[in-house]
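A.B. asks: Pasting a structure here, questions to come.
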Amino acid sequence: MIAFVSGTVAALAPDTAVIEVGGVGMALQCTPSTLSTLRVGRSAKLATSLVVREDSLTLYGFADDDERQVFELLQTASGVGPRLAQAMLAVHTPDALRRAVSTADEKALTAVPGIGKKGAQKLLLELKDRLGEPVGAPAAATPAAAGWRDQLHAALIGLGYATREADEAVAAVAPQAEAAGGTPQVGRLLKAALQTLNRAR
C-alpha cells in the first residue's frame, strides 16, 4: 500500500498530477480542488489510495488523510467505485459529505454527476453509520459560493495558463456558476473553462 507520495510536481492535467519521486513520474488521479493547490516545479505531498484492477493499477491523490479515508469509506457502499467516490469529493468536501449523510440531504448527493434520487437514498442508508459526524465547523455559504472564482483561477494557473487566459475563462463560466445557485461545483466549471480556452486557441 502506498500511503503518500512526496516529490516535485512534474506536470498537471485537468484530472491528473504527475509527481516525480526518485526519478520516476507517478500519475495520480486528483480532484480539481486538490489540483488547484499544486504548482509545476514545486514540491508536494499527497495522501494516496491505490486501486487495483485486473487490467490496471490506479493511484488516487488527496490533499490530506481525511479526504483519502472518506474516499475509501465511500467505496464500501454498493455501487460506488473509485470514479464515483472521487466525483463525490470533487463536488463536496469530506465534512460536507458527512453533513449530507448525517442530515439525510438527498439534494446534496444528487448534485454529484452519476447519482440519481434512488441512488442518493440508497447511499444515505448505507453510509449513515460509516462516515461519522462532521469534524469541522459548518462552512459559511456565502464565502464558499464566492470562493469558486479563486479556486477555478488557481486551478487554471496551476495547469499552465496565463493570468489573462485564466481571467477570461473565469469570466466566461461566471453566468453558468451564478445560474447554478448555492455553491457552484468547481469540477464542472473547470471542464467548462477548459473548453472555452481550447476553443479560443
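A.B. asks: Just how far, in whole angstrom, is region 28-76 from region 92-136 if you go by their alpha carbon centroids?
C.D. replies: Distance between centres, Cα-based: 20 Å.
A.B. asks: Something else now. Sequence-distant or interchain residues sharing an amide H contact under 5 Å with MET26, placed H: which?
C.D. replies: Residues meeting the amide H criterion: ILE19, GLU20, VAL21.
A.B. asks: Give me the 1.4 Å probe accessible area per residue for the chain, excluding ligands and nucleic acids, in Å². All intermediate terms of the calculation are to be shown ahead of the outcome.
C.D. replies: Numbers: 10620 Å² over 201 residues.
Roughly 53 Å² per residue, with all protein chains present.
A.B. asks: All other residues with a Cβ under 15 Å from the Cβ of PHE4 taken together, and with Lys, Arg as +1 and Asp, Glu as -1, what is their net charge?
C.D. replies: Net charge in that neighbourhood comes out at -4.
A.B. asks: Roughly how big is region 30-120's charge dipole about its Cα centre, with Cβ charges of +1 (Lys, Arg) and -1 (Asp, Glu), in debye to the nearest 20?
C.D. replies: Numbers: 11 positive and 10 negative charges, 50 e Å.
Dipole magnitude for region 30-120 comes out near 240 debye.
A.B. asks: Within a Cβ distance under 14 Å of LYS117, other residues only, what is the Lys/Arg minus Asp/Glu net charge?
C.D. replies: Summing Lys/Arg as +1 and Asp/Glu as -1 gives +1.
A.B. asks: Which residues in region 103-118 have a backbone N closer than 15 Å to a point placed 7 Å from the Cα of SER78 along the Cα-to-Cβ line?
C.D. replies: Answer for region 103-118: 118.
A.B. asks: Count the lysine pairs in the chain that are 8 or more places apart or on different chains: how many have C-alpha atoms under 23 angstrom apart?
C.D. replies: Summing the qualifying lysine pairs gives 7.
A.B. asks: Report the charge-dipole magnitude of the chain in Debye, nearest 20, computed about the Cα centre from +1 at each Lys and Arg Cβ and -1 at each Asp and Glu Cβ.
C.D. replies: So the magnitude is around 380 debye.
A.B. asks: With a 1.4 Å probe and all protein chains left in place, how much of the accessible area of the chain comes from carbon and sulfur atoms, in whole percent?
C.D. replies: On the way: 5690 of 10620 Å².
Percent of accessible area from carbon and sulfur atoms in the chain: 54.
A.B. asks: Something else now. Note down the accessible area of GLU20, probe 1.4 Å, to the nearest 10 Å².
C.D. replies: Counting only protein heavy atoms, GLU20 exposes about 90 Å² to solvent.
The values are calculated or read from the model by the stated rules, or taken from the named source; none is laboratory data. Since we're looking at a predicted model, the values are computed, not measured. Cβ atoms come from the backbone with ideal geometry, glycine included; neighbour counts cover every protein chain shown. Only protein heavy atoms, including side chains, enter the accessible area calculation; ligands, DNA and RNA are left aside. Shrake-Rupley method; radii C 1.70, N 1.55, O 1.52, S 1.80 Å.
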